[in-house]
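Here's the structure we're looking at; comments come further down.
The values are calculated or read from the model by the stated rules, or taken from the named source; none is laboratory data. What you see is a predicted model; the values in this text were computed from it and never measured. Cβ: placed from backbone, ideal geometry, glycine included. Neighbour counts: every protein chain shown.
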Amino acid sequence: MIVFSILSMNDYPLKKLESLLDQPYKYGFTTSIDNEAFPKGINENIIKMMSRKKKEPHFMCDFRLKAFYQWKKMSPPQWSSIKFKDINYQDILYYSVPKQNKKLNSLDEVDPQLLDTFNKLGIPLTEQKRLTNVAVDAIFDSVSIATTFKEQLAKSGVIFCPISEAIIKYPKLIQQYLGSVVPIGDNYFAALNSAVFSEGSFCYIPKNIRCPLELSTYFRINNQESGQFERTLIIADDNSYVSYLEGCTAPKYDNNQLHAAIVELVAANNAEIKYSTVQNWYAGDKEGRGGIYNFVTKRGLCSGNKSRISWTQVETGSAITWKYPSCILKGNKSLGEFYSVAYSSIYTVLT
């Protein structure tokens, strides 16, 4: 059974909503930091560079190239009535990360400017353990800056890490589940993501384990010339439970930027996943300049009997949000729930 609920502004006091949401965008600042980036554009060489840079196993390079070849044969979707300028996919940086001279082994080695950025966003990574009971994966442009509580979660057998790390450390899980819910040719933007995704979060909850902490990922776009193409993969094995929250913001630029993400959820027998999104990308100014194109594919697979996936999403930002949410009820007596609150200003389009 699928439960789908859309909550409109009519369900709430209008003036109260306006006072909360019609405020200046306070996350529009930029972080001045040196970047390492690939040349602009997408081609076979860029795909191979991405895979080599991340020291991925061969199967991942093959996965990316297959997706790229599929994407080249596809056309952008035409089913919506929304209009926007054609995206120049050869004018995007698909890989942009803060420069660093060595591999980071602890938060103490993270650039203070990056830590300060997340402090301003209300995500104090260095104080995370003292302030909250939430494990956070903080992603800045194309790379994970830090993941908190990894060791504590590991004591329960829970894997929570950047997906780039999971590809190297847990290749069997990646091969089994990546693309199993959202195939590379599912849609135009899913194929693009499958070719160029550089970061995202990976979570695996073992059998009979209730995740002891709330999990969260925060996505931050900073580079004006880059897009963000993260991949989130969450697997809840038999009789397990996990609650996950994602948030996102971006600077105020006059140009539009592309965010094309994929979320794949897998719930096994009697497993439950609660997935929540607070989408607060920059929406652009009142003249229609700037803002994020938020083109994402989010899908859950209730593969096991009596499995359950619950989606809760709050959409308050981006210039255009174009989303493919869905849940496949494969297991007997499985349940999918959708709860969505969307706020559209005069310069925001939702579809």
Taking segment 322-343, which residues are at pLDDT 95 or above, over 19 Å from Asn187 (Cβ atoms) and in contact with a Leu (Cβ under 7 Å, 6 or more places away or on another chain)?
Lys330, Gly336
Filter segment 197-214 for residues that are touching a helix residue (DSSP H, G or I) at 6+ places or on another chain (Cβ under 8 Å) and buried (at least 24 other Cβ atoms within 10 Å of the Cβ); the one that is farthest from Asn294 (Cα to Cα) is Phe202
Some residue of segment 243-262 being closer than 30 Å to Arg210 by Cβ, of a type in the set (S, T, N, Q) and touching a residue at least 12 places away in the same chain (Cβ under 8 Å):
yes
Of all residues in segment 67-86, which are hydrophobic (A, V, I, L, M, F, W, C) and either modelled with pLDDT of 95 or more or under 21 Å from Arg231 (Cα atoms) (or both)?
Ala67, Phe68, Trp71, Met74
Expected output for segment 165-193 (first residue free of Cβ contacts under 8 Å to residues at least 40 places away in the same chain, partner part of a helix (DSSP H, G or I), Cβ below 8 Å, 6+ apart or cross-chain) is Pro183/Ala190
Which one of Thr249, Thr277 is of a type in the set (Ser, Thr, Tyr), modelled with pLDDT under 95 and more than 22 Å from Asp186 (Cβ to Cβ)?
Thr249
Over 30 Å from Ser303 (Cα atoms) and either modelled with pLDDT of 95 or more or touching a Ser or Thr at 6+ places or on another chain (Cβ under 7 Å) (or both): is that true of Met49 in this structure?
yes
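I'd like the residue in segment 288-306 that is in contact (Cβ under 8 Å) with a residue 60 or more places away in the chain and not aromatic (Phe, Trp, Tyr) and, out of all such residues, is nearest to Phe229 (Cα to Cα).
Filtering segment 288-306 for residues that are in contact (Cβ under 8 Å) with a residue 60 or more places away in the chain and not aromatic (Phe, Trp, Tyr), the one nearest to Phe229 (Cα to Cα) comes out as Val296.
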For Arg220, all conditions in the list (1) farther than 30 Å from Tyr27 by Cβ; (2) modelled with pLDDT under 95; (3) in contact with a Phe, Trp or Tyr (Cβ under 8 Å, 6 or more places away or on another chain) hold save one; what is the number of the exception?
(1)
The number of residues in segment 280-310 that are crowded, with 24+ Cβ neighbours inside 10 Å, over 19 Å from Ala190 (Cα atoms) and of a type in the set (Phe, Trp, Tyr) is 1
So is Ser226 buried (at least 24 other Cβ atoms within 10 Å of the Cβ), under 30 Å from Pro171 (Cβ atoms) and hydroxyl-bearing (Ser, Thr, Tyr) or not?
no
So Asn256 clears everything in (1) more than 21 Å from Gly304 (Cα to Cα); (2) in contact with a Lys or Arg (Cβ under 9 Å, 6 or more places away or on another chain); (3) surrounded by 23 or more Cβ atoms within 10 Å (Cβ to Cβ) except one condition, right? Which one?
(3)
Any idea which of (1) out of contact with any Cys (no Cβ under 9 Å at 6 or more places or on another chain); (2) not in a strand (DSSP E or B) is the one Tyr204 doesn't satisfy?
(2)
Show me the helices (runs of 4 or more DSSP H) found entirely inside segment 97-201 where at least 1 residues are modelled with pLDDT of 85 or more.
112-120, 150-154, 163-169, 171-177, 188-196
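Yes/no per residue for (1) closer than 28 Å to Ser194 by Cα; (2) buried (at least 21 other Cβ atoms within 10 Å of the Cβ); (3) of a type in the set (Lys, Arg):
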residue	(1), (2), (3)
Val134	no, no, no
Ile159	yes, no, no
Glu165	yes, no, no
Lys169	yes, no, yes
Got a number for residues in segment 225-237 being without any contact (Cβ under 8 Å) to a residue 60 or more places away in the chain and either in contact with a helix residue (DSSP H, G or I) (Cβ under 9 Å, 6 or more places away or on another chain) or outside any strand (DSSP E or B) (or both)?
1
